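The values are calculated or read from the model by the stated rules, or taken from the named source; none is laboratory data. Computed from a predicted model, the values in this text were never measured in an experiment. Positions of Cβ are backbone-derived with ideal geometry, glycine not excepted, and every protein chain shown enters the neighbour counts. Quick note on the areas: whole protein, heavy atoms, side chains included, nothing else; ligands and nucleic acids left out. Shrake-Rupley method; radii C 1.70, N 1.55, O 1.52, S 1.80 Å.
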Amino acid sequence: MKDSRVSSAISHWAPRFVSNGVLLADFEEVTASLERWEDWCAAWSARAALHEGLGKESFKQGFKLTAGEHLVRAAIYYHFAKFVFVQDLKQMRAAHMKAVACYRDGVALLKPPGERIEFAFEKNKLTGILRKPNAGKSPVLIMAPGLDSTKEELHAYEEPFLARGIATLAIDGPGQGEAEYDIPIRGDYERAASAVVDWIEMRKDLDSKRIGIWGVSLGGYYAPRAAAYEKRIRACIALSGPFEWEKIWDGLPELTRETFRVRSHSSDENEAKQRAKSLTMVEAAPRITCPIFIVTGRQDRLVPASHAERLAKSVSGPVELMIVEDGGHNANNRPYRYRSRTADWLAGQFGLPRI
């Protein structure tokens, strides 16, 4: 019998792994080998190391693009080794740092390459990866991960935007990725977004008049929250975000609740649930005046589609709501339904030609 936490991870996140870069054979083989949740991080790290080795060997042979492809895949695997493995922080952080290093080295070799950036945030700093599709002055999309995702996992989501001439800036915000150890999750994500926009305005190769923001899962709360208060953001895409995080707390998987506890720097679940109350769109949603595209899956077991419907009804600006009737959380089981469509929509908002 598999550990219930292993079964839960497979049940809730299998489509996410495969649609975001994990090869199906690897997913099946690694998860089939697991019976105890305690072995999750090590098993995925071992498979990640295989791809990392392929990348390093390709680089030695002078095949830099191939090396980059292998290293990015390794980074995704290391990420999934750590994504909710919060009961062993030492092991989790080791896998995380491998994900960061492999992605930094791998994406720098791809087309278009990725540039690691840092920007000030209050008394700390936040990190991101900027990818530009061309040498000109590009519109830019800030990309916000969710509760258990990081900037490294957003790689597959970036591709349709880059193909349409939009630069992508995937970030680790408060409680996310490289920031999760020092900066807790916070409801006012607009503060982090404003720091990113300040940084964008200093770049001569980015068009600060055409800034969008995108978010997935809990990032689907962060993105519209930021758009409500940071008016330099001109368009927003929200995937499967909660309208009020605390309202769905009791129905979340154990791994998800514990991950929020750790990344909100809460001492116990009761404190975490209280902190969850700060993640609300009740007052923020009517302040959204920029165009927004909202995506949800009708079969979402984590964040009910009703949250997306409520957001769509509450905003003040133009809104497009896509409900993928057979879609699960983030419609990761049906990525072809919305990924290209949202990129086309954003390109239209930025006045880019249809291609």
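Answer yes or no: is there a residue in region 222-229 that is more than 27 Å from Glu271 (Cα to Cα) and in a loop (DSSP other than H, G, I, E, B).
So far as region 222-229 goes, no, none of its residues is more than 27 Å from Glu271 (Cα to Cα) and in a loop (DSSP other than H, G, I, E, B).
Could you list, in sequence order, the residues of region 133-164 that are closer than 16 Å to Gly21 by Cα and of a type in the set (Val, Ile, Thr)?
Correct list: Thr150 only.
How many of the residues in region 281-298 are closer than 21 Å to Gly146 by Cα and either surrounded by 16 or more Cβ atoms within 10 Å (Cβ to Cβ) or modelled with pLDDT under 95 (or both)?
The total comes to 10.
For region 253-265: of the residues being farther than 30 Å from Ser340 by Cβ and part of a loop (DSSP other than H, G, I, E, B), which is least open to solvent (accessible area, probe 1.4 Å)?
The selected residue is Ser264.
Could you tell me which numbered condition Pro113 fails, if it satisfies all but one of (1) buried (at least 24 other Cβ atoms within 10 Å of the Cβ); (2) closer than 30 Å to Arg354 by Cβ; (3) not small (Gly, Ala, Ser)?
Here Pro113 clears every test but (1).
Would you mind finding the one in Arg234, Arg225 that is basic (Lys, Arg), touching a residue at least 40 places away in the same chain (Cβ under 8 Å), open to solvent by 10 Å² or more (accessible area, probe 1.4 Å) and under 28 Å from Glu325 (Cα atoms)? Before the answer, list the steps.
Numbers: Arg234 fails: under 28 Å from Glu325 (Cα atoms).
So the residue among Arg234, Arg225 that is basic (Lys, Arg), touching a residue at least 40 places away in the same chain (Cβ under 8 Å), open to solvent by 10 Å² or more (accessible area, probe 1.4 Å) and under 28 Å from Glu325 (Cα atoms) is Arg225.
Within region 47-104, track down each residue that is closer than 21 Å to Phe260 by Cα and acidic (Asp, Glu).
Asp88
Which residue is least open to solvent (accessible area, probe 1.4 Å), if the candidates are limited to region 164-202 and must be over 19 Å from Glu115 (Cα atoms) and of a type in the set (Phe, Trp, Tyr)?
Per the stated criteria, the residue is Tyr189.
Residues to consider are Asp268, Asp205; find the one that is of a type in the set (Asp, Glu), open to solvent by 10 Å² or more (accessible area, probe 1.4 Å) and either within 15 Å of Ile142 (Cβ to Cβ) or free of Cβ contacts under 8 Å to residues at least 12 places away in the same chain (or both).
Asp268
Within region 318-338, count every residue that is part of a helix (DSSP H, G or I) and buried (at least 21 other Cβ atoms within 10 Å of the Cβ).
3
Going through region 208-221 one residue at a time, which ones are part of a helix (DSSP H, G or I) and either free of Cβ contacts under 8 Å to residues at least 40 places away in the same chain or farther than 14 Å from Thr280 by Cβ (or both)?
Across region 208-221, the qualifying residue is only Gly219.
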